[in-house]
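Remarks on the structure that follows.
The values are calculated or read from the model by the stated rules, or taken from the named source; none is laboratory data. Note that this is a predicted model, so its numbers are computed, not measured. Reconstructed Cβ throughout: ideal geometry from the backbone, glycine too, with neighbour counts over all protein chains shown.
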Amino acid sequence: MEEIVVFGTILTMRQTELFTRTRKEAPKDEVSVNARLLMRAGFVNKLMAGVYSLLPLGLRVHQKIENIIRREMDAIGGQELLMPTLQPKANWDKTDRWETYDSLFRFTSHYTKNEYALGPTHEEVVTPLVQDQNLSYKDFPVYVYQIQTKFRDEPRAKSGLLRGREFSMKDLYSFHTNEKDLEKYYEKARDAYFKIFKEVGLGDVTYLTFASGGSFSKYSHEFQTVTDAGEDIIYLCNKCKVAVNKEIIHEQKDCPECGEKKLKEEKAVEVGNIFKLKTKYSSAFGLKFKDEKGKEGDVIMGCYGIGLTRLLGTVVEAHYDKDGMIWPEAVAPFAVHLIRLGIDSKVVKFADDVYKKLEKNNVEVLYDDRDASAGEKFADSDLIGIPYRVVVSEKTLRQAQGKLEKKKVELKKRSEKKEKLVGVDELMKLGA
């Protein structure tokens, strides 16, 4: 079997060894574009409403998104950890959220009779965790984040990966000794989020959106991606390119950034949020610090979330056509879909040689070496949506003269209609 490097920078695979299969039709109970395409293409499998398995292709996309997020979180000082999903009731009692958190999965142990929650969020875990470190004021600020599975008892799990009961999420928490420091970091996190959404292919359609800050501050901020699949309503300001959510628009009719009164209503999906928690959780757990004069104060907190599986689904909703998905290069499962047409020994050898050369040059490639018709292979390639399609056939073989490097193949971008003949050496630049 071909070697597959899953967590590194290289991933090559023969399609005959991929255990998942494409489907001509999506399940009839799925209406969202993201679920229909991801399931048909073999990226995800539905276990039940709101719960999906990530299959090899889908997991690869998820890992690409993870790595983009990790890079930006590390760049603003975040330290990655992994906290438990299983959380004790006592911690939720301290914050008075055991009975009030609507979507909390609660259960009682058959053996200990203790009550637990499956974590929908991690303020009740991270706050006592940091408290347990006995930090001096000199040790602050502290920034920690995780990428982890969350659980929420959604009353209406729908829209495929956009609203699930089990999903992956990145949550970052920051801890400060004063509000000025929190404000400074909040701006850094906001800028990092814009970089993330731009890289995954949503930069042009994702807006910083003013939301209610509740009891913490006047505003919090959501990142909303405009799409017809959205369940949220936002109001865009064309002057300063920010938005306000439906909750805010009921309180004020103009843009909170520039005062513009003409705002455009759009449907959108919330793909991230940043929130100033201030001292709500630190005071509940007694997370304090003493300053250089020995004066005691509550630690000030912020939180910053991105739903990864929701983001994956949103990318699909933003990048598809009638034939399938069109993955942005940064998150595509592979850079190249190499398609061999025919079983003639010369064609097979030529295609195998191209595959080996791509592999040697660290180009991520899925090699369709199946004994299937050209129509089936092209339809599957469009459905899967890898950025570049490379075809080797008897036709291209007739163009092949001399050494492998000088031979021609047919190259087509998934986002374009026309193909062209290029030299094999040109392929080595793809996905770089």
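Points to keep in mind about this one:
- For the range 311-346, the set of residues classified as at pLDDT below 95 and β-branched (V, I, T) consists of I343 only.
- The set of residues in the range 21-30 being in contact with a helix residue (DSSP H, G or I) (Cβ under 9 Å, 6 or more places away or on another chain) and either in the same structural domain as D228 (by TED's automatic domain parsing) or among the charged types (D, E, K, R) (or both) consists of R23, K24, E25, E30.
- Scanning the range 212-238 for residues being outside any strand (DSSP E or B) and aliphatic (A, V, I, L, M) gives a total of 1.
- Tallying residues that are in contact with an Asp or Glu (Cβ under 7 Å, 6 or more places away or on another chain) and either farther than 30 Å from F194 by Cβ or charged (D, E, K, R) (or both) within the range 71-117 yields 9.
- When the range 74-119 is filtered for residues that are among the β-branched types (V, I, T) and exposed (fewer than 12 other Cβ atoms within 10 Å of the Cβ), the ones remaining, listed by number, are T100, T108, T112.
- Hey, S217 crowded, with 21+ Cβ neighbours inside 10 Å, touching a residue at least 60 places away in the same chain (Cβ under 8 Å), assigned by TED's automatic domain parsing to the domain that holds E266 and of a type in the set (G, A, S) or not: no
- Of all residues in the range 378-394, none satisfies being surrounded by fewer than 16 Cβ atoms within 10 Å (Cβ to Cβ), not in a helix (DSSP H, G or I) and not hydrophobic (A, V, I, L, M, F, W, C).
Okay, residues lined up against (1) among the β-branched types (V, I, T); (2) touching a Phe, Trp or Tyr at 6+ places or on another chain (Cβ under 6 Å); (3) under 30 Å from G294 (Cα atoms):
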{"position": "A75", "(1), (2), (3)": "no, no, no"}
{"position": "Q79", "(1), (2), (3)": "no, no, yes"}
{"position": "L82", "(1), (2), (3)": "no, no, no"}
{"position": "L86", "(1), (2), (3)": "no, yes, no"}
{"position": "T100", "(1), (2), (3)": "yes, no, no"}
{"position": "H110", "(1), (2), (3)": "no, no, no"}
{"position": "G119", "(1), (2), (3)": "no, no, no"}
{"position": "E123", "(1), (2), (3)": "no, yes, yes"}
{"position": "Q133", "(1), (2), (3)": "no, no, yes"}
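- The range 309-330: number of residues that are of a type outside the set (G, A, S) and crowded, with 23+ Cβ neighbours inside 10 Å: 10
- A single entry from Q224, Q146 fulfils the requirement of being closer than 18 Å to H62 by Cα and surrounded by 18 or more Cβ atoms within 10 Å (Cβ to Cβ): Q146.
- Picking from residues in the range 152-164 that are buried (at least 18 other Cβ atoms within 10 Å of the Cβ) and of a type in the set (D, E, K, R), the one that is nearest to S53 (Cα to Cα) is R163.
- Residue pairs meeting the criteria (Cβ under 6 Å; at least 6 apart or on separate chains; first surrounded by 21 or more Cβ atoms within 10 Å (Cβ to Cβ), in the range 179-193; second of a type in the set (F, W, Y)): A189/Y304; Y193/F223
- Scanning the range 71-86 for residues being within 16 Å of the chain's Cα centre (by Cα) and either closer than 13 Å to D171 by Cβ or modelled with pLDDT under 95 (or both) gives a total of 1.
- Checking V244, V226 one by one, the residue that is under 28 Å from V33 (Cα atoms), in contact with a Lys or Arg (Cβ under 8 Å, 6 or more places away or on another chain) and of a type outside the set (F, W, Y) is V226 and no other.
- The range 89-122, subset part of a loop (DSSP other than H, G, I, E, B) and among the β-branched types (V, I, T), residue nearest to A284 (Cα to Cα): T95
- Any hit, the range 181-200, residues being in a loop (DSSP other than H, G, I, E, B) and closer than 17 Å to R70 by Cα: yes
- Hey, R60 surrounded by fewer than 18 Cβ atoms within 10 Å (Cβ to Cβ) and in a helix (DSSP H, G or I) or not: no
- Restricting A268, A284, A351 to residues that are of a type outside the set (D, E, K, R), touching a helix residue (DSSP H, G or I) at 6+ places or on another chain (Cβ under 8 Å) and farther than 21 Å from L54 by Cα narrows the list to A284.
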